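Undergrad: Pasting in a structure now, in structure tokens, and then I'll have a few things to ask.
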Amino acid sequence: MNLNATLLAQIVVFAILWWFTMKFVWPPITKALDDRAKKVADGLAAADKAKLELQSANKRVEDQLVQSRNETAKLLADAEKRAQAIVDEAKRRAEDEGAKIVAAAKAEAEQQSIQAREALRSQVAVLAVKGAEQILKREVNVGVHAELLTRLKTEL
């Protein structure tokens, strides 16, 4: 066996294998690697885009939360004002009603006082007539002396 022939045959086989690999095997492998690199790059770009969208969405949510808190605080303040106004109105009505009740009670007490005075005057007039009757030891006629008794009532 000739060393040169073997070496030459191996070089020819290597060259054919290299040409076959470069012609038929290498292009699909490089295409697959390029496609994979493109998919990875697209995925990274999509992740960056999603990250930006997430930040934007978080900002919008935070803004809406702040707005919602402000509106809630405003509604609570309005409700507290309305409640205070209702309490004040109820107090005012109660005070007015209390004043009316006190005035009515005073008027009723005054009326009862007047009635008591009138009853007392009548009783005093009757007692005065009885006292005068006992003093005079004779009967005094109420019908005859009605004018005198009326004057006596008004003086008392």
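The values are calculated or read from the model by the stated rules, or taken from the named source; none is laboratory data. Predicted model only: the values in this text are computed from it and were never measured. Ideal geometry is used to build each Cβ from the backbone, glycine not excepted, and the neighbour counts take in all protein chains shown. Surface accessibility is based on the protein's heavy atoms, side chains included, excluding ligands, DNA and RNA. Shrake-Rupley method; radii C 1.70, N 1.55, O 1.52, S 1.80 Å.
Undergrad: Relative to the first principal axis of the alpha-carbon coordinates of the chain, what is the inclination of helix 3-20, with its axis defined by its Cα atoms, in degrees from 0 to 90 and to the nearest 10?
TA: 40 degrees
Undergrad: Would you kindly derive the ³J(HN,Hα) couplings of segment 50-59 from the backbone phi angles with the Karplus curve 6.51 cos²θ - 1.76 cosθ + 1.60 (θ = phi - 60°), listing them in order in whole Hz, with x for Gly and Pro?
TA: Here the 3J(HN,Hα) series is 5, 5, 5, 5, 5, 4, 5, 5, 4, 5 Hz.
Undergrad: With every protein chain in place, what's the accessible area of Val40 (1.4 Å probe, Å², nearest 10)?
TA: For Val40, the solvent-accessible surface is approximately 70 Å².
Undergrad: Still on this model: Among Ala132, Ala83, Ala94, which one shows the biggest mean-square fluctuation in a GNM of the chain, springs joining Cα atoms closer than 10 Å?
TA: Its mean-square fluctuation being the largest, the pick is Ala132.
Undergrad: Say a site is exposed when it is one of the trypsin sites (Lys or Arg not before Pro), sits in a DSSP loop, and has at most 14 other Cβ atoms within 10 Å; what is then the longest site-free stretch of the chain?
TA: Within the chain, the longest run free of exposed trypsin sites (Lys or Arg not before Pro) spans 1-136.
Undergrad: If you compute Cα Rg over 2.2 N^0.38 Å for the structure shown, which of (1) 1.02; (2) 1.34; (3) 4.03 do you land on?
TA: Of the listed options (1) 1.02; (2) 1.34; (3) 4.03, (3) comes from this structure.
Undergrad: With Cβ to Cβ distances under 14 Å as the rule, what net charge do the other residues near Asp88 carry (K, R +1; D, E -1)?
TA: Every neighbour counted, the sum reads +1.
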